[in-house]
1. Taking only pairs six or more apart or across chains, which ones have beta-carbon atoms under 8 Å, a first residue in the stretch B:86-115 that is facing chain A (nearest Cβ under 7 Å) and at positive phi, and a second residue that is in a loop (DSSP other than H, G, I, E, B) and of a type outside the set (D, E)?
2. Just wondering, is there one or more residues in the stretch B:262-269 that are surrounded by 20 or more Cβ atoms within 10 Å (Cβ to Cβ) and outside any loop (DSSP other than H, G, I, E, B)?
3. Just need a number here: residues in the stretch A:280-298 that are buried (at least 20 other Cβ atoms within 10 Å of the Cβ) and free of Cβ contacts under 8 Å to residues at least 40 places away in the same chain.
4. Hey, does the stretch A:208-217 have a residue that's within 14 Å of another protein chain (Cβ to nearest Cβ), modelled with pLDDT of 95 or more and more than 17 Å from A:L88 (Cα to Cα)?
5. Which numbered condition trips up A:E305, out of (1) surrounded by 22 or more Cβ atoms within 10 Å (Cβ to Cβ); (2) more than 11 Å from the chain's Cα centre (by Cα); (3) closer than 19 Å to A:L270 by Cβ?
6. Test B:R242 against the stated conditions and say whether it is surrounded by fewer than 23 Cβ atoms within 10 Å (Cβ to Cβ) and either at pLDDT 95 or above or of a type in the set (F, W, Y) (or both).
7. With the requirement that a residue be basic (K, R) and not in a strand (DSSP E or B), what does the stretch B:324-359 give you?
8. Do the conditions hold for B:L224, that is, is it over 30 Å from B:E141 (Cβ atoms) and assigned to a helix (DSSP H, G or I)?
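The values are calculated or read from the model by the stated rules, or taken from the named source; none is laboratory data. These figures come from a predicted structure and were not determined experimentally. Every residue, glycine as well, gets a Cβ built from its backbone with ideal geometry; the counts of neighbours run over all protein chains shown.
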Protein chains: 2
Amino acid sequence: MAFASSSAVALANRSATKWISGSRPVRPAVAQPCSRIVTTPKMVAAAKTAAPSELFVAESEWKARESEAVTLPSVTLNDLDMQWLHVLSEGWAAPLKGFMRESEYLQTLHFNSLRLPDGTVSNMSVPIVLAIDDAKKAEIENSSAIALLSPAGKAVAILRSPEVFVHNKEERCARTFGLTDGRHPYAAGIYASGDWLVGGDLEVFTDFKYNDGLDQFRLTPAQLRAEYARRNADAVFVFQLRNPIHNGHALLMTSCRAELQRRGFKNPVLVVHQIGGKVKGDDIPLDVRIRQNERVLAEGVLDPESTILGIFPSPMLYAGPTEVQWHAKARMNAGCQYYIVGRDPAGMKHPNGERDMFDPWHGKSVLGMAPGLEDLEILPFKVAAYDKTIGGMSFFDPSRADDFLFISGTKMRKFAASGETPPDGFMAPTAWKVIVEHYASKK
Amino acid sequence: MAFASSSAVALANRSATKWISGSRPVRPAVAQPCSRIVTTPKMVAAAKTAAPSELFVAESEWKARESEAVTLPSVTLNDLDMQWLHVLSEGWAAPLKGFMRESEYLQTLHFNSLRLPDGTVSNMSVPIVLAIDDAKKAEIENSSAIALLSPAGKAVAILRSPEVFVHNKEERCARTFGLTDGRHPYAAGIYASGDWLVGGDLEVFTDFKYNDGLDQFRLTPAQLRAEYARRNADAVFVFQLRNPIHNGHALLMTSCRAELQRRGFKNPVLVVHQIGGKVKGDDIPLDVRIRQNERVLAEGVLDPESTILGIFPSPMLYAGPTEVQWHAKARMNAGCQYYIVGRDPAGMKHPNGERDMFDPWHGKSVLGMAPGLEDLEILPFKVAAYDKTIGGMSFFDPSRADDFLFISGTKMRKFAASGETPPDGFMAPTAWKVIVEHYASKK
């Protein structure tokens with residue numbers, strides 16, 4: 001792989017941006033997936049960024065840090081905090097050096113981005129913060145360092161030069177989710193947390209092994225980059241998901257790969273990237289999703305040679321247009337150059353049950369205009385549906401709408417729960433079996 | 001006045017930015033008002049921007065536009081819409097060409113800024129939108145232009161290439177105010193408005209005369225710029241307010257002027273800029289504020305030669321850190337180079353009555369980090385209080401806290417309502433009389 005400087009590409013990408021409707025800035029509106037994109041292979045391949053800094057200390061130092069930690073006041077992390085520590089440690093959220101300080105938190109809430117010392121802008125749309133209560137605040141307030149303990153009580157990190165600031169939970173929810181409703185699954189956790197936030201610089205001395213049989217899928221940004229090189233990739237595109245893969249998704253991914261090949265890339269590599277952190281109760285658990293995805297590769301619906309199945313350690317926030325930026329930015333840190341975005345990314349039903357929380361197309365629009373994501377090319381998702389004329393999934397063609405059958409997530413879950421088989425060609429059979437077994441086990 | 005290019009200044013200001021606490025970007029933290037600011041007079045004088053484009057059509061065209069308007073479907077504006085039309089028409093919100101289109105609205109909500117065709121970023125933190133209901137949407141949907149009518153039914157503008165999009169009121173309130181509570185005064189109006197927004201390009205053919213005896217204070221950005229030239233200003237600083245001026249405010253303003261003179265400016269001119277649009281019920285009405293301010297100048301507490309008393313036609317949103325950016329950005333369009341910011345700008349009590357809506361220092365912090373405001377120098381407000389040792393207002397000195405008496409807005413209103421006289425030196429006596437008379441007339 002030969003890459004030009006990333007600033008040259010930023011420039012090239014910017015000049016490729018089209019302006020429509022007078023002075024309104026938008027990325028080129030691409031009606032077909034992976035088509036009408038004006039960049040050339042050379043320009044985009046050059047978008048590869050430098051590997052992000054990790055926040056781990058050298059293993060030779062771990063003992064010393066553990067000894068120091070014992071002397072410090074400590075904060076015990078909950079499971080969600082640990083997932084964010086994992087995210088921060090591996091550099092997914094670079095250039096963050098730790099849990100956010102107040103100036104980072106405010107820039108995140110108000111601008112979805114951070115201005116860096118060199119004047120450039122880095123996208124950062126979701127608060128990555130550590131909440132503490134009044135008693136803990138009093139305990140740590142005058143310390144120049146604090147120890148962070150795992151839920152089991154093991155020291156895992158030191159937070160240097162901590163900075164304690166007010167946690168206005170209502171304002172945080174409002175600006176992150178566009179609502180303040182405490183029934184929202186992530187907001188509920190915010191409201192249950194302490195009234196203060198503590199930020200600072202992290203030194204991490206633990207490895208993030210979950211011993212759940214899935215650790216081999218938890219590739220760090222650095223490991224993913226090594227994997228692209230090992231596979232001799234000349235372009236990397238990513239599909240973020242928290243769902244099983246049906247043949248419509250697979251059609252989209254293979255069609256994107258074909259388009260990248262038409263543009264001249266020899267070996268575009270796909271990262272199928274499952275959310276690894278906390279999801280809401282009715283989402284399908286990680287192990288089921290991974291086993292289902294493995295079957296899709298094993299059956300050859302996705303090409304195993306050019307597909308990396310990975311786990312992204314972040315929890316889900318269900319923050320729609322705000323969160324999709326985070327999903328994209330973290331993958332830029334993992335060296336991805338193309339990001340596939342669909343309808344209503346990171347969306348869910350409003351907690352009032354009456355409507356979707358977000359306009360289904362705002363995620364894509366906001367992603368295309370977001371500061372700090374100029375080097376990532378957004379590949380819009382085309383809707384695929386079950387095409388009765390071929391007995392398989394096709395891209396939906398509104399001129400023959402009656403030929404198509406939409407199988408929603410809800411409908412799929414109903415099929416699976418009742419043991420009913422979906423139409424042939426909807427999903428690889430052994431992959432479907434994984435889902436059926438999951439629902440059967442829940443009964 | 002001799003001004004260098006504004007891009008040279010942007011660069012100079014950026015290089016003057018200091019970075020503290022590792023990689024966290026902040027403007028220089030200035031503990032004393034108007035001191036420790038590292039820019040030189042030359043650098044800042046150069047910050048003068050080009051006058052913004054107005055959206056008025058030439059008066060010779062008005063008749064033709066009025067005739068055309070009769071042929072178009074129409075939207076009748078309410079008083080608040082008219083205030084925003086006023087704001088847009090005179091260029092305070094430039095580069096906006098009219099009520100926001102969806103891409104501008106989304107960038108405002110998510111990024112508090114717009115990316116312009118030339119790649120630069122313009123601050124834009126509050127939605128300037130026009131709401132319509134379902135019936136109106138159906139009526140205008142296929143038109144290439146619509147007429148806008150004043151509340152009295154007179155055609156005042158044509159909106160070209162209108163774009164109708166969804167008005168998610170809860171999300172708009174959440175991202176603008178950091179709350180969704182319908183008791184908030186501006187949010188209440190949002191919830192009462194239509195379910196759709198219509199944006200487009202404005203052609204305006206009316207003048208904004210209110211015939212309330214205050215029109216001479218309603219200087220447009222262009223008229224303000226002419227006034228600076230007439231007064232031979234070599235620096236312009238602005239004080240945004242929606243309150244009477246007491247001697248503590250005046251002390252701050254005169255001390256800022258003195259500091260600008262120490263930096264080498266010969267004639268810094270101050271704009272005392274009263275909010276002219278809708279304010280909440282318990283704020284003091286515009287005419288009372290202006291008459292009070294006039295007395296402050298007449299008594300020489302502020303120097304009439306170097307002070308312009310003006311009205312900024314925007315309504316108040318009570319959106320704290322989000323709104324203070326709008327207040328600053330609009331004044332940049334009016335050619336101001338220095339903006340004085342205080343404690344809790346554009347803040348208010350939370351509608352639940354339990355606390356202030358915003359952290360009192362977030363406004364200043366957010367303003368200092370906001371994209372697109374790099375050319376405006378922020379002058380932090382130092383707290384002044386009644387100093388019993390001199391019988392007048394002084395900057396608060398915490399080392400002798402007991403010498404000071406804080407006279408809050410609430411306390412001032414109580415004094416005024418009961419006809420009680422505040423301590424000598426709190427406010428120019430004839431200015432105080434205006435306030436007492438106002439409260440007496442309300443009884």
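1. B:N112/B:M124; B:N112/B:S125; B:N112/B:A370; B:N112/B:P371
2. Looking for residues that are surrounded by 20 or more Cβ atoms within 10 Å (Cβ to Cβ) and outside any loop (DSSP other than H, G, I, E, B), one finds at least one in the stretch B:262-269, hence yes.
3. Total satisfying the criteria: 1.
4. At the first step, the residues of the stretch A:208-217 found to be within 14 Å of another protein chain (Cβ to nearest Cβ) are none.
Scanning the stretch A:208-217 turns up no residue that is within 14 Å of another protein chain (Cβ to nearest Cβ), modelled with pLDDT of 95 or more and more than 17 Å from A:L88 (Cα to Cα).
5. Single failed check for A:E305: (1).
6. So B:R242 fails the test.
7. B:K329, B:R331, B:R343, B:R355
8. Yes: the conditions hold for B:L224.
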